[in-house]
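*Asks:* Quick one: this structure, given as structure tokens, is what I'll be asking you about.
Each reported figure results from applying straightforward, stated rules to the coordinates on display, with no laboratory input. All values derive from a computational prediction rather than experimental measurement. For neighbour counting, all protein chains shown are included, and Cβ atoms are generated from backbone atoms with ideal geometry for every residue, glycine included.
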Amino acid sequence: MLFAFINWDRDGAGDLRTELRPVHREYLGGVADRIAFAGPLLADDGQTVQGSLLVLDFPTREDAEAWLAGEPYTGAGVYSTTTIHLFENRWPQRAGFPDR
């Protein structure tokens, strides 16, 4: 099942986010084969990070919640709020994906 993680940063979390980015990316690498898409949520200026949007495949909600609990940004308090939603992809992606 695909789960969408919508995570909004707490005020002033930018430096901590930057500091933890390598360990965050390493943690994501551990589930790379489960990632439908992932990336930062940006302000209208296209630069300021406001949070993260991740869509990952897990067998159960409990597995998704356990993964999120171990995520470095979560543990360090980067996020002020996090929601997890079941997600069903009904459209073939063509735009916004990096070239491979």
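*Asks:* Which of these values of P(r) over Cα pairs in 10 Å bins from 0, in percent was calculated from the structure shown: (1) 14, 49, 33, 5; (2) 17, 56, 26, 1; (3) 15, 38, 21, 17, 8, 1?
*Replies:* Here the calculated entry is (1).
*Asks:* Treating only the Cβ of Lys, Arg, Asp and Glu as charged (+1, +1, -1, -1), what charge dipole size does the range 33-100 show about its Cα centre? Round to the nearest 20 debye.
*Replies:* Result for the range 33-100 is approximately 180 debye, rounded to the nearest 20.
*Asks:* Same structure again: Which residue fluctuates the most in the chain, going by a Gaussian network model with Cα springs under 10 Å, if the choices are Leu56, Leu16, Leu68?
*Replies:* Leu16
*Asks:* A follow-up question, please. Give the relative contact order (percent, whole number) for the chain; include only Cα pairs under 8 Å separated by 6+ residues.
*Replies:* 47
*Asks:* Right, another one. Based on the mean of other Cβ atoms within 10 Å per residue, sort peptides 80-86, 7-13, 49-55, 39-45 so the most packed one is first.
*Replies:* Highest-to-lowest ranking by the protection proxy: 49-55, 7-13, 80-86, 39-45.
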